[in-house]
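Report on the structure given below.
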Amino acid sequence: MSDDVQKLLQERVERITTTIKIEEPDRVPITSMFETWAGHYSGYSVTDVAFNYDKLAESFYKVAEEFEVDTLPPPLGVRCGPIYTTLGTKEFSFFNKDGVPHASIQHMEGKDIMSVEEYPELIKDPYKFIIEKQLPRRYKALDQAPDKKAEALGKACFIYEKYIANAVGKLCGTLETKYGIPALFKSSTEMPLDALMDYFRGFRGVSVDIRRNKEQVIEACEALYPVMLRRAVQNLPSGPFPFIFIPLHIPTYLKPKDFETFYYPTFKRMIEDLISFDLTPALFMEGNWEPYYDYINELPKKKVVGLIEHGDFKKTKDNIGKTITIWGGMPIDVINNSTKEEAIDYAKKLIDDLAPGGGYIFGCDKSLLAPNDANPENLKAVFKFVKEYGVYK
Amino acid sequence: MIIKLPALESELFDTWEKHIEANPELKNSPIEAKEEFERSVDEYYAMIMLISTM
Amino acid sequence: MSVKYQHITEALAQLEEEALVQALKDAVEAGPSAEEAQDIVNACTMGMERVGDLFEEGEYFVGDLIYAADILKGGMELLAPCIGAGGVSKIGKLVIGSAPGDLHDIGKNIFIAMMEAAGFEVHDLGIDVAPDKFVEKVKEVQPDIVGISGLLTLSLDTMGDVINALKQAGLRDGVKVMIGGNPVSEAVQKRVGADAHSTNAATGVKQCKEWVVA
């Protein structure tokens, strides 16, 4: 690493480390979730970046070169294509039957993965339920005789190792050593109730289970807790940032009373446990979290980052800005449907409202996936503006 | 940072103890044998957990 | 509106599934006339409307809408023996589908359940619906409203494709078009040429009712 790059890296690390303590750094840090959009921007398809780790890396280096970002998350949202094709997924699709790539990864909710009668089995031994029932129902190659199933799992291990080494390790390593851009997340996980929804009972399933099978939902969350915590902390890479990325899926579809009963207990515990390991939960607070801000304020202070999608951001800063670091705020709707000047004006107001006191990271409100998710000229202009305007005096 | 991996309980989770019970001649294996066995169980488990929740 | 079945409206509005099921079973057992059967259905419609109001007021959330739709579906199955061959009266027709390239349908299905409860005849084209399929169906059933639903930001462009296809077929002026889903906005509505947009099933249903009553 050259001295210049080393210096850039150190500045960026310090900028973000100071920000998340809810103190004022030299300027507001800038980052966003670049996923398959980075591929599109480089002229690559979804298939290119999900299956070819060199093309994936190239796309990210181009983002590093052209956008004023201080850090970048690893491309978790691009997903590891070969795992899905080797295991025969029914849920994720990168290309159609003619091999034509989709413009955005298609995600179909898994059907009939777990019936409501299977709660006791899941609760008793989640690992066993996963190996014997959940995995074969989600992946065709695992729904075979034991020898073939073992072979499929063996292949998956090899594919996974190479993916971690290249799509994550090498990519993030180069971002650091060549561009001075540290990788934002060490790992990711989900909260137990989200895992129950996403990979077992589905959205409709959980929505009615919390009425008809209340106790079982709570017990299932408890049973899945060690699984999801392990997922967060096992085999963490070294690196300057302790962020664990956690997308939060179901909360804003639940009224606060249901949130408190079914989601909050394992949500709070996961956050506290991660903090006890000196890790920083980086929550993607999808939807509008205003009805749940009181719960957010009960979390350990200055230990959590929240990427917030919707809401009145000034109100958000006033309400929870002393508890968590706020990330986000720049709507891609504005980036795409306004003039450059209008987008910059919008960003200016965000900085005015959210930057004071530190604890604010500038970024887009959504992950960038499809080709038209961000007008590149506007996005570049806005990031450049924030780099200059976001200086703390 | 000190990470304490939560304990895993499952009928299917393999342990060194179960392994040497089935293979008593390995009772006095070097420490590396036990460590690598346990590491491979952990890695395999991590792999399963990842593909089951992604 | 008959008070006879008010308890049915209340049970659905309060999401009290057991009470609703019992009330419907009792009502069916009493052997209602065709007119009374319509009253029972109307009681359910009012219950669902109340659910929509509570959603708009911020009391209920999407999870509650899903549960309400599920309870209502069960309720309609219980009532099926009483409802005559003519079915129940409809206030309007809707053709709806997920935008081309979009495979998501939960939001669309919640909206459909609420539209049916509100008295609309709904033709659901399913997911990933090509523009010409929309055109075909609109020609066939001549709806009042066309709904295009999408979850992906990608779908914002393909929604425009559907509307353009309707224009080219000379059908655009004969219908109202509503786009729905998380990523839609007023800016998108203007850009693609829709008449309304909705990120909220309850207000979406209200707008549709206004259109057909006018």
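Counting only residues that are within 25 Å of A:Ile164 (Cα to Cα) and surrounded by 22 or more Cβ atoms within 10 Å (Cβ to Cβ), how many does segment A:17-47 have? Before the answer, list the steps.
Within segment A:17-47, the first condition is being within 25 Å of A:Ile164 (Cα to Cα), and the residues that meet it are A:31-47.
In the following step, the residues that additionally are surrounded by 22 or more Cβ atoms within 10 Å (Cβ to Cβ) were identified as A:31-40, A:46.
So the answer is 11.
Going residue by residue through segment A:194-201, is there one that turns out to be in contact with a strand residue (DSSP E or B) (Cβ under 9 Å, 6 or more places away or on another chain), part of a helix (DSSP H, G or I) and buried (at least 21 other Cβ atoms within 10 Å of the Cβ)?
Yes, because at least one residue in segment A:194-201 is in contact with a strand residue (DSSP E or B) (Cβ under 9 Å, 6 or more places away or on another chain), part of a helix (DSSP H, G or I) and buried (at least 21 other Cβ atoms within 10 Å of the Cβ).
Where residues in segment C:168-187 are of a type outside the set (S, T, N, Q), over 16 Å from C:Pro100 (Cα atoms) and within 14 Å of chain A (Cβ to nearest Cβ), which of them is nearest to the chain's Cα centre (by Cα)?
We begin by selecting, within segment C:168-187, every residue of a type outside the set (S, T, N, Q); these are C:169-181, C:183-184, C:186-187.
Still in the list and also over 16 Å from C:Pro100 (Cα atoms): C:169-176, C:186-187.
From what's left, within 14 Å of chain A (Cβ to nearest Cβ): C:186-187.
Details: C:Glu186: 21, C:Ala187: 24 Å.
For segment C:168-187, the residue satisfying everything is C:Glu186.
Would you be able to say whether some residue in segment C:49-64 is in contact (Cβ under 8 Å) with a residue 12 or more places away in the chain, buried (at least 23 other Cβ atoms within 10 Å of the Cβ) and farther than 18 Å from C:Ala202 by Cα?
The answer is no, given that none of the residues of segment C:49-64 is in contact (Cβ under 8 Å) with a residue 12 or more places away in the chain, buried (at least 23 other Cβ atoms within 10 Å of the Cβ) and farther than 18 Å from C:Ala202 by Cα.
Is it the case that some residue within segment A:88-96 is surrounded by fewer than 22 Cβ atoms within 10 Å (Cβ to Cβ), outside any loop (DSSP other than H, G, I, E, B) and at pLDDT 95 or above?
Checked segment A:88-96: no residue is surrounded by fewer than 22 Cβ atoms within 10 Å (Cβ to Cβ), outside any loop (DSSP other than H, G, I, E, B) and at pLDDT 95 or above.
For segment A:59-86: of the residues being without any contact (Cβ under 8 Å) to a residue 40 or more places away in the chain and more than 30 Å from A:Pro136 (Cα to Cα), which is farthest from the chain's Cα centre (by Cα)? Lay out the reasoning, then the answer.
The first filter runs over segment A:59-86 and keeps only residues without any contact (Cβ under 8 Å) to a residue 40 or more places away in the chain, leaving A:59, A:62-63, A:79, A:81, A:84-85.
Still in the list and also more than 30 Å from A:Pro136 (Cα to Cα): A:59, A:62-63.
Working: A:Ser59: 19, A:Lys62: 21, A:Val63: 18 Å.
Among them, the one singled out is A:Lys62.
Does at least one position in segment A:87-108 carry a residue that is free of Cβ contacts under 8 Å to residues at least 24 places away in the same chain, away from chain B (no Cβ under 11 Å) and of a type in the set (Val, Ile, Thr)?
yes
With the requirement that a residue be in contact with a Ser or Thr (Cβ under 8 Å, 6 or more places away or on another chain) and closer than 27 Å to A:Leu135 by Cα, what does segment B:1-37 give you?
Listed by number, the list is empty, since nothing qualifies.
Among helices (runs of 4 or more DSSP H) lying entirely in segment C:30-138, which contain 3 or more residues that are assigned by TED's automatic domain parsing to the domain that holds C:Glu18?
Details: elements: C:34-56, C:62-79, C:106-117.
Ranges flagged: C:34-56, C:62-79.
Would you point out which residue out of A:Val100, A:Val116 is among the β-branched types (Val, Ile, Thr), closer than 22 Å to A:Asp54 by Cβ, more than 26 Å from the chain's Cα centre (by Cα) and surrounded by fewer than 19 Cβ atoms within 10 Å (Cβ to Cβ)?
A:Val100
How about segment A:176-193: which of its residues are of a type in the set (A, V, I, L, M, F, W, C) and either part of a loop (DSSP other than H, G, I, E, B) or modelled with pLDDT under 95 (or both)?
Correct list: A:Ile181, A:Ala183, A:Leu184, A:Phe185, A:Met191.
Checking the condition among the β-branched types (Val, Ile, Thr), within 14 Å of chain C (Cβ to nearest Cβ), in a helix (DSSP H, G or I) and farther than 21 Å from A:Leu229 by Cβ, which residue from A:Ile159, A:Ile210 passes?
Values: A:Ile159 fails: within 14 Å of chain C (Cβ to nearest Cβ).
Unique residue meeting the criteria: A:Ile210.
When you scan segment B:7-54, how many residues do you find that are of a type outside the set (Ser, Thr, Tyr), within 14 Å of chain A (Cβ to nearest Cβ) and either closer than 16 Å to A:Pro226 by Cα or assigned to a helix (DSSP H, G or I) (or both)?
Quick first cut of segment B:7-54, residues of a type outside the set (Ser, Thr, Tyr) only: B:7-9, B:11-14, B:16-28, B:30-39, B:41-43, B:46-51, B:54.
Of the ones still in play, those that are also within 14 Å of chain A (Cβ to nearest Cβ) are B:7-9, B:11-14, B:38-39, B:41-43, B:46-51, B:54.
Now drop any that are not either closer than 16 Å to A:Pro226 by Cα or assigned to a helix (DSSP H, G or I) (or both), which leaves B:7-9, B:11-13, B:38-39, B:41-43, B:46-51.
Within segment B:7-54, residues that are of a type outside the set (Ser, Thr, Tyr), within 14 Å of chain A (Cβ to nearest Cβ) and either closer than 16 Å to A:Pro226 by Cα or assigned to a helix (DSSP H, G or I) (or both) number 17.
If you go through segment A:213-227 one residue at a time, do you hit one that is over 30 Å from C:Asp64 (Cα atoms) and at the interface with chain B (Cβ under 10 Å from one of its Cβ atoms)?
no
With segment A:1-83 as the region, which helices (runs of 4 or more DSSP H) entirely inside it contain at least 2 residues that are at pLDDT 95 or above and out of contact with any strand residue (DSSP E or B) (no Cβ under 9 Å at 6 or more places or on another chain)?
A:3-19, A:53-66
Hey, any hits in segment A:382-393 for a residue that's within 14 Å of chain C (Cβ to nearest Cβ), small (Gly, Ala, Ser) and in contact with a helix residue (DSSP H, G or I) (Cβ under 9 Å, 6 or more places away or on another chain)?
Checked against the condition, which is being within 14 Å of chain C (Cβ to nearest Cβ), small (Gly, Ala, Ser) and in contact with a helix residue (DSSP H, G or I) (Cβ under 9 Å, 6 or more places away or on another chain), segment A:382-393 yields no hits at all.
Count, please, the residues in segment A:259-295 that happen to be assigned to a helix (DSSP H, G or I) and either surrounded by fewer than 21 Cβ atoms within 10 Å (Cβ to Cβ) or within 14 Å of chain B (Cβ to nearest Cβ) (or both).
So in segment A:259-295, the residues assigned to a helix (DSSP H, G or I) come out as A:259-276, A:290-295.
Applying the additional criterion that residues be either surrounded by fewer than 21 Cβ atoms within 10 Å (Cβ to Cβ) or within 14 Å of chain B (Cβ to nearest Cβ) (or both) yields A:260-261, A:264-266, A:268-270, A:272-276, A:290-291, A:293-295.
Summing the residues that are assigned to a helix (DSSP H, G or I) and either surrounded by fewer than 21 Cβ atoms within 10 Å (Cβ to Cβ) or within 14 Å of chain B (Cβ to nearest Cβ) (or both) in segment A:259-295 gives 18.
Within segment A:285-325, work out how many residues are farther than 27 Å from C:Tyr60 by Cα and in contact with a Ser or Thr (Cβ under 8 Å, 6 or more places away or on another chain).
Here the count works out to 6.
The values are calculated or read from the model by the stated rules, or taken from the named source; none is laboratory data. Predicted model, so just to flag it, every value in this text is computed and none were measured. No Cβ is skipped: glycine too gets one built from the backbone with ideal geometry, and neighbour counts run over all protein chains shown.
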